[in-house]
Amino acid sequence: MYCPDRPFVATLVAAVLALALLSCSASVPTRSVDEESYSVAGLSSSVEILVDRWGVAHIYATSQDDLFLAQGWNAARDRLWQLDLWKRRGDGTLAEVLGAEYLEKDRAARLFLYRGDMHAEWLAYADDTKRIVSSFVTGVNAYVDLTSSRPELLAPEFEVLGYRPAHWTPETVVKIRSHGLLRNVNSEVGRAQFLNRYGREALALRDVYEPEHELEVPEGLDLDSVTAEVLARYTLATGAVGFVLGEEEQASVAASEAWGSFARGSNNWAIGPGRTTTGRPILANDPHRSLAVPSLRYIVHLQAPGINVIGAGEPALPGVSIGHNERIAFGLTVFSIDQEDLYVYRTRPEHATDYWYDGRWERMTEVREQIEVKDGGSEEVALRFTRHGPVLWEDEERHLAYALRAAWLEPGMAPYLGSIQYMRADNWDQFLAAMNRWGLPGENQVYADVDGNIGWKPGGLAPVRPNWDGLLPVPGDGSYEWSGYYDMDQLPVESNPERGWVGSANQMNLPPAYSHQLGFEWAAPYRYSRIADTLEEARLVSVEDSLELQGDFLSLPAFELIRRLSGLEAGSGAQREALALLQNWDHRLEADSAAAALFEVWLRRHLPSVLWGRLAEERGWGGELVEALAQVGPRSLLRALDLDLLGADARDEVLLDSLEAALAETEDLLGADRSRWQWGSLHHSRLEHPLSSLLRAELGAEADVGPLPRGGSGETVGATRYRGTDFRQTGGASFRMVVDVGAWDESVAMNSPGQSGRPESPHYRDLFPMWARDEAFPLLYSRFRVEQAAALRIRLEPR
């Protein structure tokens with residue numbers, strides 16, 4: 001029987017209508033719903049927020065102004081400390097509440113604020129973006145004001161740190177850029193230092209360029225001048241906030257990537273109706289970032305006249321960037337456009353703020369600003385800029401200066417804000433038009449709609465470098481200049497391909513013979529290859545199949561490495577035992593697998609050091625280079641084995657000797673009884689709140705989450721990147737989504753560890769066990785289904 005989402009026009013007999021509604025109600029158990037009501041300044045009419053049993057807020061308003069105001073208010077309700085720290089880290093106002101220790105971080109952050117024309121900035125997004133952002137920050141500020149009269153609503157972190165949240169302006173949202181997925185100045189500097197220290201032969205073993213490319217050292221670049229200090233301020237500005245918990249103890253904030261470092265990755269795919277069990281398209285997305293508490297993303301449902309969209313965005317931004325509306329679904333992964341360059345200038349000895357450009361001395365622009373300091377008044381700082389961008393470092397002894405040119409400092413580059421236009425698109429043409437305004441990060445967007453169409457379109461502001469490759473810093477004398485940006489139509493596109501699906505996993509996916517230079521640094525192809533193989537082999541794919549694929553732990557590096565063990569003759573009993581364990585394995589890094597534990601200990605801790613160490617002996621390399629090469633990923637390691645740099649006999653010795661050492665360490669880690677070995681006993685997820693010790697000591701609140709065992713690795717589709725010191729998962733998909741396009745209520749999602757950022761909330765950690773088992777909850781869309789699952793009803797009334 002059809003169960004209506006909205007009331008019928010009263011043309012049916014009342015008894016029939018009552019029976020129909022009774023039938024609908026009987027299909028789902030009734031739930032008790034808590035009620036709350038608030039008076040909110042700025043609203044023009046009432047807004048209703050239904051929070052379902054999984055913590056997802058469904059917001060219903062009668063105008064879009066009220067809708068986005070309520071979104072800001074609700075984001076602050078769940079994530080106020082996260083929002084406030086995002087703001088202060090981004091606009092350089094940490095010292096105001098945390099003290100003088102944060103002055104240098106504030107100074108660095110202010111170098112990377114957008115300082116261009118605000119008229120051009122607002123025009124670069126959807127036409128009503130300024131209005132939407134203004135409504136959103138009005139809602140945030142309304143909640144901040146509410147905490148003054150209702151202090152119990154204030155997040156506990158404010159109490160232990162002793163300050164209050166700040167008010168926002170619309171410009172807050174668009175001027176802060178340094179939290180985005182930025183590339184590639186870090187690799188430019190690292191590559192220059194590696195090349196200068198170890199030479200081209202060693203660099204060729206470390207780096208993989210796609211498309212295939214011969215590295216070019218820019219004429220006039222002195223590699224020796226690219227020192228570690230060059231990126232000190234960039235790293236400070238884009239990195240995590242630290243909290244001084246004692247005289248010597250420093251805790252690194254991992255509470256959200258909105259203010260910290262990140263692990264890049266992601267998977268997405270869209271499958272056409274002819275390849276699914278439902279006869280409708282299916283779209284899946286699981287963006288991989290650093291894992292934290294609270295999570296980077298926040299799921300919300302927004303409904304008002306002209307908009308009905310659900311999905312995930314970052315809590316500091318209006319709208320959603322991954323999700324669906326009534327007609328289309330959309331999901332993103334990183335597309336590796338190179339959007340940064342480091343410029344090295346010669347400066348005038350007698351006046352260090354003059355730099356040589358195009359045959360003459362040019363004066364840096366200097367901006368002086370006051371930074372307020374807690375209990376200490378204020379301090380003036382000088383910020384310097386060249387024609388290319390912020391000055392990162394000045395070397396007075398060498399008479400050099402270094403500045404960053406970044407596409408993300410151009411108008412329209414506030415991360416993810418371009419989604420405001422495409423989240424309201426109705427069809428493929430409108431979606432493509434919206435992607436013309438997408439700037440940061442560079443993204444692969446996959447698309448599906450209720451008419452059965454699917455598509456792939458990458459987007460992002462891509463600089464045109466006419467005479468260099470962007471892989472190393474360049475002299476700032478005018479010899480290396482961008483000549484504009486590629487038009488979005490010059491980026492590739494694909495719709496309704498014959499194979500019946502589209503997808504990406506950060507791999508190099510430029511079409512053959514593509515002529516435009518966008519970048520050379522891409523993720524290894526393992527995740528995408530596994531996705532492609534699975535989708536090609538499947539006759540029909542369901543929502544459940546897609547969810548299972550998101551958590552797939554088959555390791556392609558394991559296939560490749562274990563193939564190299566075939567036919568080797570063990571020289572010891574330990575080698576024979578290790579070979580037997582791996583050769584009888586299905587190559588899946590399941591949490592309960594003994595072979596998976598051995599393989600990962602071998603791959604990460606022993607094979608690299610033994611291989612590079614043997615090469616170092618033959619080539620006379622020092623131990624420092626061995627240590628540096630030991631940090632490269634499996635792709636470079638496997639390529640080195642394929643190159644047979646040692647010869648077959650020496651290569652086999654490396655494989656067997658390193659495997660024997662790995663077996664011994666795994667026994668040390670997991671015990672002598674190999675029947676009890678499990679990869680998940682080593683590999684685990686534990687989320688540490690940056691203030692957990694303070695919260696526990698002062699409020700008795702337990703803010704850490706976990707640990708729980710995990711399968712997989714950074715190379716599996718179910719990506720679970722981990723740190724080598726203790727096997728703790730550091731990156732992966734905290735958010736996942738699989739959309740049944742058109743049958744929206746059949747879609748599923750996950751957001752670990754929970755929707756709320758408040759440790760006392762029931763939705764702070766409630767999703768973590770499901771997430772660790774790679775499960776999902778219903779992503780409900782129809783009003784009827786939302787009402788049935790509602791646990792909390794919040795009414796916002798105009799003040």
Legend entry - Contact order normalised by residue count of the stretch 126-187, Cα under 8 Å, 6+ apart, percent: 40 percent
Legend entry - Cα centroid separation - the stretch 506-558 against the stretch 170-202, whole Å: 25 Å
Legend entry - Check: the stretch 635-684 dipole with +1 on Lys, Arg Cβ and -1 on Asp, Glu Cβ, in debye: 340 debye
Legend entry - Accessible area (Å², 1.4 Å probe, nearest 10) - Phe777: 0 Å²
Legend entry - Percent of C-alpha pairs per 5 Å bin, the stretch 668-721, short to long: 5, 17, 16, 16, 15, 13, 10, 7, 2
Inset, instruction - Only Cα pairs under 8 Å and at least 6 apart count here; give the relative contact order of the stretch 630-769 as a rounded whole percent. - result: 14 percent
Legend entry - Packing rank of 158-164, 411-417, 494-500, 428-434, where each peptide gets the mean count of other beta carbons within 10 Å, highest leading: 411-417, 428-434, 158-164, 494-500
Inset, instruction - Could you order Arg710, Arg765 so the one with the most accessible surface comes first? Probe is 1.4 Å. - result: Arg765, Arg710
Inset, instruction - Any chance you could check the Cα centroid distance between the stretch 661-740 and the stretch 395-414 for me, in angstrom? - result: 37 Å
Inset, instruction - Please sort 694-704, 358-368 by packing, taking for each peptide the average over its residues of neighbouring beta carbons within 10 angstrom, highest first. - result: 694-704, 358-368
Inset, instruction - For every other residue with a beta carbon closer than 12 angstrom to the beta carbon of Thr276, add +1 if it is Lys or Arg and -1 if Asp or Glu, then tell me the sum. - result: -1
Inset, instruction - Sort the stretch 320-423 into rounded, prolate or oblate with this rule: let a ≥ b ≥ c be the square roots of the eigenvalues of the Cα gyration tensor; rounded if a/c is under 1.5, and if a/c is not under 1.5, prolate when a/b is larger than b/c, oblate otherwise. - result: oblate
Inset, instruction - Could you tell me which of rounded, prolate or oblate describes the stretch 699-799, using a ≥ b ≥ c as the square roots of the eigenvalues of the alpha-carbon gyration tensor, with rounded for a/c under 1.5 and, failing that, prolate when a/b is larger than b/c and oblate otherwise? - result: oblate
Inset, instruction - Using the heavy atoms of the protein chains and a 1.4 angstrom probe, tell me the accessible area per residue for the chain in square angstrom. - result: 38 Å²
Legend entry - Accessible area in the full protein assembly, largest first, 1.4 Å probe, for Trp356, Trp468: Trp356, Trp468
Legend entry - Dipole magnitude of the chain, debye to nearest 20 (Cβ charges: Lys/Arg +1, Asp/Glu -1, about Cα centre): 1600 debye
Inset, instruction - Would you mind giving the three semi-axes, in whole Å and largest first, of the ellipsoid equivalent to the stretch 275-327 according to its Cα gyration tensor? - result: 23, 19, 7
Legend entry - Solvent-accessible area, 1.4 Å probe, carbon plus sulfur percent, for the stretch 666-760: 44 percent
Inset, instruction - With all protein chains present, calculate the accessible area of Asp668 using a 1.4 Å probe and round the result to the nearest 10 Å². - result: 130 Å²
Legend entry - D_trans [Stokes-Einstein, Kirkwood Rh over alpha-carbon pairs] for the chain, 25 °C, 0.890 mPa s, µm² s⁻¹: 87 µm²/s
Inset, instruction - Quick one: give the max-minus-min coordinate of the C-alpha atoms of the stretch 286-381 along each principal axis, largest first, in Å. - result: 64, 44, 32
Legend entry - For q = 0.12 Å⁻¹, Debye-computed log10 I/I(0) when each Cα of the stretch 566-704 counts as one equal scatterer: -0.59
Inset, instruction - Read phi for every residue in the stretch 324-340 and hand back ³J(HN,Hα) as whole Hz from Karplus 6.51 cos²θ - 1.76 cosθ + 1.60, θ = phi - 60°, with x for Gly and Pro. - result: 7, 10, 6, 10, 10, 10, 8, x, 10, 9, 5, 10, 7, 6, 7, 10, 9
Inset, instruction - Using only alpha carbon pairs under 8 Å that are at least six residues apart, calculate the relative contact order of the chain and give it in whole percent. - result: 20 percent
Inset, instruction - Calculate for the chain the 222 nm mean residue ellipticity that helices alone would give, adding -39,500 (n - 2.57) per DSSP H run of length 4 or more and normalising by residue count, nearest 500 deg cm²/dmol. - result: -9500 deg cm²/dmol
Inset, instruction - Return the carbon/sulfur percentage of the accessible area of the stretch 514-634, one whole number, probe 1.4 Å, all protein chains in place. - result: 46 percent
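I want the local charge near Met364. Using Cβ-Cβ distances under 10 Å, sum +1 for each Lys or Arg and -1 for each Asp or Glu among the other residues.
Counting the neighbours of Met364, the net charge comes to -1.
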Inset, instruction - Would you tell me the accessible area of His399, worked out with a 1.4 angstrom probe on the heavy atoms of the protein chains, in Å² to the nearest 10? - result: 70 Å²
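The values are calculated or read from the model by the stated rules, or taken from the named source; none is laboratory data. Here the structure is a predicted model, which is why all the values come from computation and not from measurement. A quick note on method: Cβ atoms are made from the backbone with ideal geometry, for glycine too, and the neighbour counts reach across all protein chains shown. Side chains included, ligands, DNA and RNA excluded: accessible areas come from the protein's heavy atoms. Shrake-Rupley method; radii C 1.70, N 1.55, O 1.52, S 1.80 Å.
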